[in-house]
Amino acid sequence: MKKIWQYASYNLLSLFSPAVGQEHWHCDMKRGFTKARKKELPVKTLLEQDTPWQKIGLLAQKGVYEFHRDTQLLDSSDGIERVAEIIQLNQESIEVQKRVTHSLENYHKTPILFGKNLIKLSRGDEGFPEPILLHQGNYSFNFFAAIDCIFLEPDGKLHILDLKTGKSEFDRRQGFIYLLAARYLYPKQPAVASFYNLETGHWSDPITATSVQLDAVQMELARISQQHQGDLRRYRQNPADFETIFPPNPGLPCQYCQFNSICQFSTFEVSA
Ligand code: SF4
């Protein structure tokens, strides 16, 4: 069977274009490092290390997973400590420990998924989900949507929930992408999507989409997938054009960029 290399996902979309209000953090060169130069040793090494905020998100999600693997932990007065032990939180930096513990305390106090009809709850480290093969005109591509949690509403609707940490605003585009995935994975069921921030306890309003809106999301994914493949091809043919194909945006974004130690355009001073 012919291997399909073309793909799209929310991650690719966010590397292409920032969420509303996040424009000043955007830098297209990060897409270049992440996707075009990911096999080069210095880049590979950086990509293999989770950043503190990635660790916080992953461990907080693992914590929720553990609370629901053994729901007695939600009732138990030492449930938070026991979950922290299972996810080996003591091996992390003080900042990560503090913020994940705060998320676990929040969740222990308000376990929003308790009593829900859970269809799926991910640990967060399962790796790539199975791709969904999409066809848009003559173009075919693999569509990846890593879903954290799905539960069934009492009225039979599927509810796709994305667990968040940090301060960023929810990106509605991600909700639409989950609804597009649901259209293919559960074609007969109506669905809504929402976001829940484990650090702040803020739950977004449910997001719904019409079939026409989902068609538009699929077209946009096909467009960025095609453009991305074109950029990768151009880079392979002319590696010296890296900065033209993936233009840098030095300044504010460099401060939290995982490539700031190897990027020649970085304005952030990395301590030795
Ligand atoms: S260090 Fe700055 S310019 Fe370089 S990739 Fe990161 S954000 Fe872009």
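The values are calculated or read from the model by the stated rules, or taken from the named source; none is laboratory data. Bear in mind the structure is a predicted one, so any value in this text is a computation, not a measurement. We place every Cβ from the backbone using ideal geometry, glycine too, and count neighbours over all the protein chains shown. When the accessible area is computed, the model is the full protein with side chains, heavy atoms only, and any ligands, DNA or RNA have been set aside. Shrake-Rupley method; radii C 1.70, N 1.55, O 1.52, S 1.80 Å.
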* **Every pair of residues 6+ apart whose Cβ atoms lie under 8 Å, when the first sits in region 228-257 and is within 13 Å of residue 32 (Cα to Cα) and free of Cβ contacts under 8 Å to residues at least 60 places away in the same chain while the second is open to solvent by less than 30 Å² (accessible area, probe 1.4 Å) and within 9 Å of the ligand (Cβ to nearest atom)** => none
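Working carefully through the options 153, 199, 220, find the one that is in contact with a Lys or Arg (Cβ under 8 Å, 6 or more places away or on another chain), open to solvent by less than 70 Å² (accessible area, probe 1.4 Å), charged (D, E, K, R) and in contact (Cβ under 8 Å) with a residue 24 or more places away in the chain. Please lay out each step first, then the result.
Working: 153 fails: in contact with a Lys or Arg (Cβ under 8 Å, 6 or more places away or on another chain); 220 fails: in contact with a Lys or Arg (Cβ under 8 Å, 6 or more places away or on another chain).
From the options 153, 199, 220, the qualifying one is 199.
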* Tell me, which helices (runs of 4 or more DSSP H) wholly within region 49-118 include 1 or more residues that are closer than 16 Å to residue 162 by Cα? -> 52-69, 94-109
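Select from region 134-165 the residues that are assigned to a loop (DSSP other than H, G, I, E, B) and aliphatic (A, V, I, L, M) and list them in ascending order. Before the answer, list the steps.
Quick first cut of region 134-165, residues assigned to a loop (DSSP other than H, G, I, E, B) only: 137-138, 145-148, 153-157, 165.
Passing the criteria: 145, 146, 147.
Is at least one residue of region 119-133 part of a loop (DSSP other than H, G, I, E, B), over 17 Å from the mean Cα position of the chain (by Cα) and among the polar types (S, T, N, Q)? I'd like the intermediate steps shown before the answer.
Residues of region 119-133 that are part of a loop (DSSP other than H, G, I, E, B), as a first pass: 122-131.
Among the residues that remain, those that are also over 17 Å from the mean Cα position of the chain (by Cα) are: none.
Taking every residue of region 119-133 in turn, none turns out to be part of a loop (DSSP other than H, G, I, E, B), over 17 Å from the mean Cα position of the chain (by Cα) and among the polar types (S, T, N, Q).
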* For region 19-50, how many residues are closer than 17 Å to residue 253 by Cα, within 12 Å of the ligand (Cβ to nearest atom) and open to solvent by less than 70 Å² (accessible area, probe 1.4 Å)? -> 10
* **The lone exception for residue 255 - which of (1) within 11 Å of the ligand (Cβ to nearest atom); (2) open to solvent by less than 70 Å² (accessible area, probe 1.4 Å); (3) not in a loop (DSSP other than H, G, I, E, B) it fails** => (2)
* Identify, by number, the condition in (1) farther than 30 Å from residue 105 by Cα; (2) within 16 Å of the ligand (Cβ to nearest atom); (3) surrounded by 13 or more Cβ atoms within 10 Å (Cβ to Cβ) that residue 232 doesn't meet. => (2)
